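Quick note: the coordinates plus some simple rules give every number you see, no bench work behind them. Everything numeric here is computed off the predicted structure, so don't read it as measured data. Don't worry about glycine lacking a Cβ; one is built from the backbone with ideal geometry, like all the others, and counts go over all protein chains shown.
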Amino acid sequence: MTARKQALSDLLAKVEAGGTPIQPYLFQAVFNNSSHVNCAGEAFSAYADGSLDAALALHNAVLPRWAVDDLSQNGKLAGHPWGIRLAFWDGSNPAKNKHVIAGWGRNLGGDYTPARVWLIAILEALIAGEDA
């Protein structure tokens with residue numbers, strides 16, 4: 001496992017666990033800032049403040065060719081408050097098509113916000129990208 005993949009996996013575990021505040025420096029260890037986006041700051045705002053604007057800015061910066069295919073409460077009746085599906089579709093090479101689903105089918109607990117579930121999906125997509 002690469003050091004980056006390990007750092008992403010460690011951060012994912014902390015974000016999924018919740019409860020304990022995550023210090024901003026843990027996000028800085030994983031996200032490099034693009035020329036126009038403070039990725040670590042946006043990730044922290046998505047986690048700590050539940051900011052959908054921050055989750056969107058982070059998504060656009062680190063997964064620019066991925067689309068939000070679904071962000072909803074589809075699983076609410078099953079006890080899963082939020083779910084998101086991120087998708088990458090490469091029309092010229094179907095073998096490169098990918099998707100990441102976060103939220104549905106898990107017991108997320110009461111403190112999950114849509115932005116936090118989106119952050120989890122972003123982290124899972126980045127981890128999957130480390131294997132590509």
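Among 2-15, 52-65, how do they line up from the highest to the lowest mean number of other beta-carbon atoms within 10 Å?
Most protected by this proxy first, the peptides run 52-65, 2-15.
Pulled fully out, how much extra length does the chain show between Ala29 and Lys5, if you take 0.36 nm times their separation in residues and subtract their Cα-Cα distance?
Stretched out fully, the Ala29 to Lys5 stretch lengthens by 7.5 nm.
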